[in-house]
Amino acid sequence: MRNITLSQAVNEALAEEMRRDDSVFIIGEDVAEAGTPFKVLSGLVEEFGTQRVVDTPIAEPGFMGLAVGAAMTGSRPVVDLMFGDFIFLIMDQLCNQAAKTHYMSGGKLSVPLVLRTNLGATRRSAAQHSQSLHALVAHIPGLKVAMPSSAYEAKGLMKTAIRDNNPVVIFEDKLMYNDKAPVPEEEFLIPFGQANIKREGSDITLIATSSMVQVCEKAAEILEQEGISAEVIDPRTIVPLDEKTLIESAKKTSRVIVVDEGHQSYGITGEIAGRINEKAFYHLDAPVLRMGAMDVPVPFSPALEDITVPTPEAVAANARLLMSGEMIHAA
Amino acid sequence: MTKTNAEDYLRMYRQMVRIRTFEDNANQLYLSAKMPGLTHMYSGEEAVAVGICEALRTSDKITSTHRGHGHCVAKGADFKEMFCELLGKEEGYCRGKGGSMHIADQSNGNLGANAIVGGSMGIATGAAFSAKLLGKDDVAVCFFGDGATAQGLMYEVMNMAALWKLPVIYACENNGYSEYTRTDEIAAGSITARAEAFGIEAFQIDGQDVLAVNELSQKLVERCRKGEGPFFIELMTYRYHGHHVGDINREYYRSKEEEKDWRENRDPITRFRAWLVKEGIASEDEIEAMNAAIKDDASAAVEYALAAKYPDVSEVDMHVFTDVEHALA
Ligand SMILES: Cc1ncc(C[n+]2csc(CCOP(=O)(O)OP(=O)(O)O)c2C)c(N)n1
Ligand SMILES: [Mg+2]
């Protein structure tokens, strides 16, 4: 199979869906000629024209609201939000409008819209360009949330998102845009709500989203050398969440760490840990651990920024703690 | 021409050269991979920040943008603390926590750069509100780009500023582009008319002419102090570098000829320098000496910052709250 970058994978997914369905269009800042600052959309305006790859003024609530209206009336917008941090600007249109329209209309109206944006720190971009804010939207009923962890997922989940009749938010890891992974030439989709067991193991389960999947795979390699067999699971979508796969793994290994790049408090890690606690309690040999980004705004200085995000070494250290049984007494 | 005027003019010149020199060094730090992350150069726009800030006093407030080094220098900041901040060092203005896009200099009334386009419009308006409430005659200046005029927040706060006669000056730095897009492709109609719709007096001015900018600013600042604000200025200017230091190949959105024309024929520093010499305020030799001294200053500050310490890792959870020393302790 050929290897392509995450960036190319997203580009292909969009191009394929735009060829298939004339009602799909892209809207956002510098999406056309510039192809976004990350160059993810390069070439699309040449193929689809400026009617369907639409450059906007720097007016996020405006173009997000416009997209909601377009989605309610037969179009299928893919909104490009340059940085995940800007989600705070569009919260009303996304959460009060897009998320609730189908419900409030008793199922009469729908908003088939995709919001593509990103997450991830350690780019030295400071506190307003480094946040991982997926928990905020996952909290709102009516929004689906996808978190691709490689080029393969980025393509398959994007295609599914565009065909979904609900508002879907996709968070790409901006550090991964140039990472290559095997992606089939032939068409494929990845269904929502289907976790991927990246690596099988028997002693401990590492549940990881997006950027943290690679981190946990590396942690698993470290642990393997010490004779600890770690299973790594990527939920791929956090709404809907494939609870079944996660619970089964928790029952099998009896120890779980949940790792995610959002802030640790009130985040995805706590939600998943809570569900495992409710549904696998009697199978657990240790409390479920949460590892998220440190609960501080992302600092600029490299000396500080690097310690705010979970690392393979930190995950491995926590895994050892769980294996040693020490956490039982600590809890 | 009085002596004080001559001093004012020389200070304006000096400040513009300091900004240009700061940026040349920052760009070099990026190109030699010594600076973490990216930064947005202010070169070419010096007359805007300097013309306006020279009309302000220390207690007046400014809010700045992602392209904020110029505002910071113009409002009185030191090279050393600025370079330390750009490199994420402990002695930076924000102890390395903010970096280029969040430099703030409390001591000189700079409420901070901002990485959210238009994000400081509320803050500047609030500073003006606060001055009025607390009975001070301080003025607030809100710097923002042409691209930021697309943000809804601007219209909300201009409405309130006009209703409540707040001492705020909205300074729109129209450099012709927002990122990789020409202004006429993202801003419909006239920019000054936006402010006029709220009954705010608005001016369009050559942002490469530091004297004109300063003269207008002095008038408007005085009128703000008397309760005649708010005001709006659109300053026509140009950024010499790419949108950020990494934006090197930019011919797909603007031509080399256009860049050359602005640099060679409209440069604010060259223009002002010629005027200073013509008016006999400074000789070529004096100006060269001034330039050289600034260059040395900047080099020394860069060397200092490169050798300076990073913050201790224990600082990571400090300053999350005002009343908790370590948020995660
Ligand atoms: C709310 C928001 N949207 C988008 C961006 C990305 N961005 C950073 S600078 C910029 C262009 C700003 O243009 P302008 O206001 O004209 O300022 P200039 O860069 O020309 O000084 C954009 C789109 C951002 N930082 N914040
Ligand atoms: Mg601009």
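The values are calculated or read from the model by the stated rules, or taken from the named source; none is laboratory data. Everything numeric in this text was worked out from a predicted model, so none of it was measured. Virtual Cβ from ideal backbone geometry, glycine too; neighbours counted across all protein chains shown. Only protein heavy atoms, including side chains, enter the accessible area calculation; ligands, DNA and RNA are left aside. Shrake-Rupley method; radii C 1.70, N 1.55, O 1.52, S 1.80 Å.
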Restricted to pairs 8 or more residues apart or on different chains, the lysines in region B:75-227 with C-alpha atoms under 26 Å apart form a number of pairs equal to 18
Answer check: region B:118-257, Cα atoms, Kirkwood Rh, Rg/Rh ratio of 1.01
Need one number: % antiparallel among DSSP beta bridges in the protein assembly as shown, to the nearest 5. 20
Taking the convex hull of the Cα atoms, report for region B:59-122 its projected area averaged over all directions, in nm². 3.8
For A:Lys218, counting only lysines whose alpha-carbon sits under 26 Å away and dropping same-chain residues fewer than eight positions off, the answer is A:Lys155, A:Lys174, A:Lys180, A:Lys198, A:Lys244, A:Lys251, A:Lys252
Could you calculate the FRET efficiency of B:Val313 with A:Asn3 from 1/(1 + (r/R0)^6), where r is the beta carbon distance between them and R0 is 51 Å, rounded to 0.05? 0.85
Chains B and A: what accessible area do they bury, summed, in square angstrom to the nearest 100, with a 1.4 Å probe? 2600
Could you work out the local net charge near B:Gln151, counting Lys and Arg as +1, Asp and Glu as -1, over the other residues with Cβ closer than 13 Å to its Cβ? -3
Just the number, please: Stokes-Einstein D of region A:91-239 in µm²/s, Kirkwood Rh from C-alpha pairs, 20 °C, 1.002 mPa s. 129
Looking at the P(r) of region B:8-150, how many percent of alpha-carbon pairs lie beyond 17 Å? 58
For region A:191-331, give me the percentage of DSSP beta bridges that are antiparallel, rounded to the nearest 5 percent. 20
Tell me which lysines have Cα within less than 26 Å of A:Lys100's Cα, excluding those fewer than 8 residues away on the same chain? A:Lys108, A:Lys144, A:Lys159
Percent of accessible area on chain B owned by carbon and sulfur, 1.4 Å probe? 51
Using the crude model of +1 on Lys and Arg Cβ and -1 on Asp and Glu Cβ, and no other charge, please compute the dipole size for region B:6-317 relative to its Cα centre, in debye to 20. 580
Could you give the nm distance between label points at A:Phe188 and B:Ser59, where each point is 7 Å from its Cα heading toward the beta carbon? 6.8
Once every DSSP H run of n ≥ 4 in chain A is given -39500 (n - 2.57) and the sum is divided by its residues, what mean residue ellipticity at 222 nm do you get, rounded to the nearest 500 deg cm²/dmol? -10000 deg cm²/dmol
Could you report the accessible area of B:Val245 in Å², rounded to 10, computed with a 1.4 Å probe on the protein chains as they sit in the structure? 10
Paired Rg and Dmax values of the protein assembly as shown, which use every Cα atom, in angstrom: 26.8, 89
Are there any residues in region B:14-41 with a reduction of at least 50 Å² in accessible surface when going from the isolated chain to the assembly of protein chains? Probe 1.4 Å, please list them by number. B:Pro36
Residues other than B:Arg95 with Cβ under 12 Å of its Cβ, Lys/Arg counted +1 and Asp/Glu -1, net out at -3
B:Arg67, A:Arg124, ranked by accessible area, largest first (probe 1.4 Å): A:Arg124, B:Arg67
Cubic angstrom per residue, convex hull over Cα atoms of chain B: 143
So what's Rg/Rh here for region A:196-330, counting alpha carbon atoms and using the Kirkwood radius for Rh? 0.95
Determine how large the accessible area of B:Glu179 is when every protein chain is in place; take a 1.4 Å probe and give Å² rounded to the nearest 10. 40
Starting from 0 in steps of 10 Å, tell me what percent of the Cα-Cα pairs of chain A lands in each bin. 6, 26, 34, 23, 9, 2, 0
By accessible area (1.4 Å), largest first, B:Ile248, B:Ile294 order as B:Ile248, B:Ile294
Give the angle, between 0 and 90 degrees and rounded to the nearest 10, that separates the Cα long axis of helix A:6-20 from the longest principal axis of the Cα atoms of chain A. 40
Per residue, how many Å² of accessible area does region A:8-135 show with a 1.4 Å probe? 35
Between the alpha-carbon centers of region A:1-78 and region A:244-258, tell me the distance in whole angstrom. 38
For region B:93-176, which chymotrypsin sites (Phe, Trp or Tyr not before Pro) are both in a DSSP coil and crowded by at most 16 other Cβ atoms within 10 Å? B:Trp164
Rounded tilt (10° steps) of A:151-163 against the dominant C-alpha axis of chain A: 50
Among the helices of chain B (complete DSSP H runs), which have Cα atoms covering no less than 30 Å along the helix axis and a Kyte-Doolittle mean of at least -0.5? B:284-307
Please give the solvent-accessible surface of A:Arg320 in Å², to the nearest 10, using a probe radius of 1.4 Å with every protein chain present. 100
In terms of the Cα gyration tensor, with a ≥ b ≥ c the square roots of its eigenvalues, is region A:1-42 rounded because a/c is under 1.5, prolate because a/b exceeds b/c, or oblate? oblate
Cα-based helix-to-principal-axis angle, A:60-72 vs chain A, degrees rounded to 10: 80
Å² of accessible area per residue within region B:6-317, as computed with a 1.4 Å probe and no ligands counted: 39
Taking the alpha-carbon set of region A:40-120, what are its Rg and Dmax in Å? 13.3, 40
May I ask you to derive the relative contact order of chain B, considering only C-alpha pairs under 8 Å and at least 6 residues apart, and to give it as an integer percent? 22
Counting only other residues whose beta carbon sits under 13 Å from that of A:Leu81, what net charge do I get with K and R as +1, D and E as -1? -4
